[in-house]
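The values are calculated or read from the model by the stated rules, or taken from the named source; none is laboratory data. Just so it is clear, the structure is predicted and the values come from calculations on it, not from any experiment. Cβ placement follows ideal geometry from the backbone for every residue including glycine, while neighbour counts extend to all protein chains displayed.
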Amino acid sequence: MGSPLKRQVRVGIIGAGLIGRTHSLMLRLLADALPESVAVTRVHDLDAAAADALASKWPEAKSCARAEQIFDDGSIDAVFVCTPTATHRELCLRAAASGKHLFCEKPLAMNSAEAGEIREAIERAGVVGQVGLVLRFSPVYTVIRAMAAEEGAGRMLAVTMRDDQDFPIRGAHASEWRNQPGVTAGGTLIEHGVHDFDVFAWMFGPIRSLYCRTRVLNGAPGIEDFAATEFEFEAGFYGQLTSVWHRILNRPSNRRIEIFTENLFLACDTDSAGPIAIQRGEGYEGKITEEEVMRRYQDLVLRERPCLSPLRHAFRIPYAVQDAIFIAALRGQCAPGPGIDAGVAAQRSVEAAYRSAARGIAVDLADLK
Ligand SMILES: NC(=O)c1ccc[n+]([C@@H]2O[C@H](COP(=O)([O-])OP(=O)(O)OC[C@H]3O[C@@H](n4cnc5c(N)ncnc54)[C@H](O)[C@@H]3O)[C@@H](O)[C@H]2O)c1
């Protein structure tokens, strides 16, 4: 990146649906805590009413009918790409070519080749790129990651996760495109599980190989609502992920994780603040309360990025921490992340899982072209 911005970061949002609105709310939280930090100044959506409604949340913001109006606006520093997956590649390439810093939602693209093109465009333009792999800011996963790495935990033995969500075309995720081949990159594995593939590698190190089976019950062809994936980690241990899109409307999107190291068992029934059940080798059994999870999370986040301190009151919201990091990075106050590289790596891993499911064999990531 060139010189850090020494003034308010001016943002254009493309896509004023569920996640575009979420980012606007997070940037609002940040602007309320630090008025000099950020302002949304332009919003584009194919649906003009959605763009108008979101722009109205910011005093200076205008909606616009074409994405070009954001790319050509020299006063805009950064673009948030919050549209359906098939549109990411083109919007990201155009954003980078116009010199805008880029926040792109997950999955980065329809496949890892396209995701790689986005990475190259960012590198060529010398702009900052960040991908919306927000699970890295889950308080419980941050705390579990740190505890598993403590010396006394011993070697990692196993991880098991279940990730489930109502098939996301109704309720909180009422978007028809999620069941449209050609617009979505796939089903539960790529559109939700990509978070889990990323967080597994972030928590436990690189993945060596994958074996996966998928099933399509309610989705269009290629849009799986079930996947069972076995992971072999380079460190020599194994994990399982069960990914489900069900039809239980009132069940919130959620995850359960269990990990065993030689001397430690941790389990958690939420992907947010806990509590975490714990057993230790010497006989201790108990739980880490939500308050304690948040205390440890705050310490871990602030140790790495002390500049986020003014946003401490919002640390329970992973999206708030994620977006604050992107803006602080543009202002030269901390490192961005997860970067586009992480998005490409996660997409490659999911692609290996799809290849495994299609061929009925384990797939080594090193063999993936
Ligand atoms: N990180 C997360 O937790 C998370 C959560 C939800 C969605 N997402 C991702 O965010 C993206 C958007 O998902 P969503 O839930 O907000 O979808 P959504 O359907 O709620 O909103 C998408 C919006 O994009 C607009 N749009 C479609 N094509 C466009 C184009 N070419 N140009 C401009 N606007 C366009 C639509 O009119 C709609 O308003 C997807 O990639 C999805 O996977 C990430």
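Of all residues in the stretch 201-219, which are under 27 Å from Thr83 (Cβ atoms), more than 16 Å from the ligand (Cβ to nearest atom) and either in contact with a Pro (Cβ under 8 Å, 6 or more places away or on another chain) or not in a strand (DSSP E or B) (or both)?
Matches in the stretch 201-219: Ala201, Val216, Asn218.
Which fully enclosed strands (runs of 3 or more DSSP E) of the stretch 1-119 have 1 or more residues being in the same structural domain as Ala329 (by TED's automatic domain parsing) and either farther than 30 Å from Leu365 by Cβ or free of Cβ contacts under 8 Å to residues at least 12 places away in the same chain (or both)? Break it down into steps so the answer makes sense when it comes.
Working: elements: 9-14, 38-44, 62-64, 78-81, 101-104.
Per the criteria, 9-14, 38-44, 62-64, 78-81.
For the structure I just gave you, tell me whether Leu300 is touching a residue at least 60 places away in the same chain (Cβ under 8 Å), outside the structural domain of Ile118 (by TED's automatic domain parsing) and either surrounded by fewer than 22 Cβ atoms within 10 Å (Cβ to Cβ) or under 30 Å from Asp32 (Cβ atoms) (or both).
yes
If only one of Gly2, Gly74, Gly12 is modelled with pLDDT under 95 and more than 11 Å from the ligand (Cβ to nearest atom), which one is it?
Gly2
For Ile144, indicate whether it is of a type in the set (Val, Ile, Thr) and in contact with a Leu (Cβ under 9 Å, 6 or more places away or on another chain).
yes
How about the stretch 120-151: which of its residues are within 14 Å of Val79 (Cα to Cα), over 17 Å from the mean Cα position of the chain (by Cα) and outside any helix (DSSP H, G or I)?
Selection gives Val127 alone.
What number of residues within the stretch 85-131 satisfy the criterion of being within 15 Å of the ligand (Cβ to nearest atom), of a type in the set (S, T, N, Q) and within 22 Å of Val199 (Cβ to Cβ)?
Number of matching residues: 3.
Which of (1) surrounded by fewer than 22 Cβ atoms within 10 Å (Cβ to Cβ); (2) under 30 Å from Leu210 (Cβ atoms) is the odd one out, the single condition Pro338 does not satisfy?
(1)
If a residue has to be in a strand (DSSP E or B) and surrounded by 22 or more Cβ atoms within 10 Å (Cβ to Cβ) to count, how many in the stretch 161-178 make the cut?
3
I need the full set of residues from the stretch 318-369 which are in a helix (DSSP H, G or I) and modelled with pLDDT under 95, in order please. Give the derivation first.
Step one: list which residues in the stretch 318-369 are in a helix (DSSP H, G or I), which gives 318-330, 340-359, 365-367.
Once the filter is applied, which keeps residues that are in a helix (DSSP H, G or I) and modelled with pLDDT under 95, the stretch 318-369 yields Ala366, Asp367.
Tell me, please, whether a residue that is within 26 Å of Arg124 (Cβ to Cβ) and of a type in the set (S, T, N, Q) can be found in the stretch 38-45.
Yes, because at least one residue in the stretch 38-45 is within 26 Å of Arg124 (Cβ to Cβ) and of a type in the set (S, T, N, Q).
Within the stretch 220-241, count every residue that is of a type in the set (D, E, K, R) and either part of a strand (DSSP E or B) or not assigned by TED's automatic domain parsing to the domain that holds Pro168 (or both).
Matching residues across the stretch 220-241 total 2.
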